[in-house]
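The values are calculated or read from the model by the stated rules, or taken from the named source; none is laboratory data. The structure displayed is predicted, hence computed values, not measured ones. Glycine also receives a Cβ, built like all others from the backbone with ideal geometry; neighbour counts cover every protein chain displayed.
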Amino acid sequence: MMVIQTNSLGKRFGDRWAVKDLNLSVEKGQIFGFLGPNGAGKSTTIRMLLRLIRPSTGTFMLLGKSLRDAGQHIYSRVGALVEKPDFYLYMTALKNLKMLGALSGGVDDRRIEEVLDIVHLRDRADENVRNYSHGMRQRLGIAQALLHRPELVILDEPTSGLDPEGIHEIRELIVALAREHEMTILLSSHLLHEIEQVCTHMAIIDNGTLVVQGAVDDLLRKTDFYVTEVSVDNPERAYNHLQTEDWIKDVSLEKDLIKVHLPADKRPALAEFLVRNHFKVFSIIPRTSLEDYYLTLLKTRHG
Amino acid sequence: MVLLLKAWFYEVVKIFNRWRTYIGFVTITILVPIIMYLTHRFGFDVQDQALRSLGDSVVLVGTLVNGFLVSYYLMNVMWVHFPFFIVLVSGDIMAGEGAAGTFRILLTRPISRFQVVTAKFLATFFYTFLIVFFLGVISIGSGMLIVGGGDLLVFDKGILILSQNETLLRFLLAYCLAVVVQMVVASLSFLFSSATSNGIGPIIGTYAVLVVSYILSVIQIDALDVIRPYLFTTYFDVFFAPFASPIPWGEIARKSAVLVAYVVVFYSVSLWIFSRKDITS
């Protein structure tokens, strides 16, 4: 089932299109990473999906239903944390969750305790949110998103402000939500390695338009700008040699390690080239990380 | 409907979890008994003015001043001063959420914007009702305790003397009408609050409109008669109408209807604005 489906979704602020002609597809059970530079339109897209912003063009469906057909009730099956985790600071965490639970169609006290346990805030649930650190508020933000056992969870920068242990816990939680509770997760993040570690699928958005979307593994495997790390006996000489070859897209030298950008099917030719030129090859390792992919993709787009 | 009631309940909880809500209640609790005590201790200048205006035509035995008379005069705060306590809450109820970013957790629930606006509006009404009647109870209660009870003597196209029991009923009607008057102020600041994400703007905006409208309503320039019917402050004196004899029910109904119409218009415009508003904060 398609959990999120946008059809030519767009938003214009004055003369500027924040999001234009966006066609996004997220299927049930996916952990879908939503990537893009600052101002690319990620938050605007998420806000449109959550009715916080009215689209200028296009439509969208959530959990297989359009907003027109399903009405507001569809949001009882959606949980979200949008940007900063802002709460009613003058109320306790427990009171905040009780209120949000009631407005989500009713959540019993046991479930509230359960989500507080998940984010390790049960002991401090009776404190005013005003006294919470940013990390604690972030965790409470995740708790409120999970409160009503949603089928779709939209998380915008969920690990922002957390300590390394907290980041690790949240990433494990996201994976567990998808695997054990069959929730679909839309995860917007700047942290490329986070998307790479956690997400099964992803989309990259730039200047309000969709650049690419698909399974993370497929996108990295099929890319034309695969990075291969090469270790040889004379890296500087090898680097100079490789630079003159036009079948190699790009080459760089970092601490005796040569990074070669070339399609995956050209890798045997690279090995042959190095051997033919009498280099002792210690290793040839395909190393296309999402970071390489993302940065190269955007660099290519921006010329 | 159930969701709307829940939303209303939590809006009331939010209002009474904020310290600014209690400014009005605390001020009334402290100030009104002090005024009553000072009146009891040092007299009330209005007594002398009234006696002077009566001249030699009436002989009064005892004193004109009692808790009801002071409460009656205290109702004048409803024009400009008391609305401050109203706008402190109503001006912030929408804008405060925008400024704090809490609309992001509220509006992503299965609740419509109509329900959010209506719940907040009803909570504003509830607060307005409470604080107006709180003033009434403290004013009349402390007046009777400190200054004493008795008949109320008011000057309305002559002298009107109302018995204590009748006075209480007329105060009840007067405070009900005062709620309507204060709801106009509340709904105006609610409108401003819906259009902005700054809690101070609606308070200043409402006061600017209120003061200008009040000045235009009371200033004695004939040329202003053209615009007076369109100023809501022109109808604010409705809460004094129950102290006339006979009670001008027609006038009360007409003025109340105009004020309620203002409330409905301000609420509708608030709803229209907020339903189209992009939550970007």
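Structural remarks
- For the range B:178-218, taking the residues that are hydrophobic (A, V, I, L, M, F, W, C), buried (at least 23 other Cβ atoms within 10 Å of the Cβ) and farther than 16 Å from residue B:80 by Cα, the one that is nearest to the chain's Cα centre (by Cα) is identified as B:190.
- If you check B:271, B:259 for being over 30 Å from residue B:161 (Cβ atoms) and either more than 19 Å from the chain's Cα centre (by Cα) or touching a residue at least 12 places away in the same chain (Cβ under 8 Å) (or both), only one passes: B:271.
- Only listed residue being surrounded by fewer than 17 Cβ atoms within 10 Å (Cβ to Cβ), free of Cβ contacts under 8 Å to residues at least 60 places away in the same chain, within 14 Å of chain B (Cβ to nearest Cβ) and more than 23 Å from residue B:6 (Cα to Cα), chosen from A:168, A:120, A:134: A:134
- Within the range A:103-117, tally of residues that are surrounded by fewer than 19 Cβ atoms within 10 Å (Cβ to Cβ), modelled with pLDDT of 90 or more and not acidic (Asp, Glu): 2
- Wholly enclosed helices (runs of 4 or more DSSP H) of the range B:75-127 bearing at least 2 residues within 14 Å of chain A (Cβ to nearest Cβ): B:95-100, B:103-106
- Number of residues in the range A:14-60 that are hydrophobic (A, V, I, L, M, F, W, C), without any contact (Cβ under 8 Å) to a residue 60 or more places away in the chain and touching a helix residue (DSSP H, G or I) at 6+ places or on another chain (Cβ under 8 Å): the value is 3.
- Answer residue from the range B:236-254, given it is in a helix (DSSP H, G or I) and in contact (Cβ under 8 Å) with a residue 40 or more places away in the chain and is nearest to residue B:202 (Cα to Cα) among those: B:236
- Output for the range B:12-30, where each listed residue is more than 12 Å from chain A (Cβ to nearest Cβ) and more than 14 Å from residue B:88 (Cβ to Cβ): B:29, B:30
- Lone qualifier among A:266, A:259 - being outside any strand (DSSP E or B) and either surrounded by fewer than 18 Cβ atoms within 10 Å (Cβ to Cβ) or at pLDDT below 90 (or both): A:266
- Residues of the range A:52-81 that turn out to be hydroxyl-bearing (Ser, Thr, Tyr) and part of a helix (DSSP H, G or I), as a count: 2
- Here residue B:225 meets the list (1) in contact with a helix residue (DSSP H, G or I) (Cβ under 9 Å, 6 or more places away or on another chain); (2) closer than 23 Å to residue B:258 by Cβ almost entirely, failing just condition (1).
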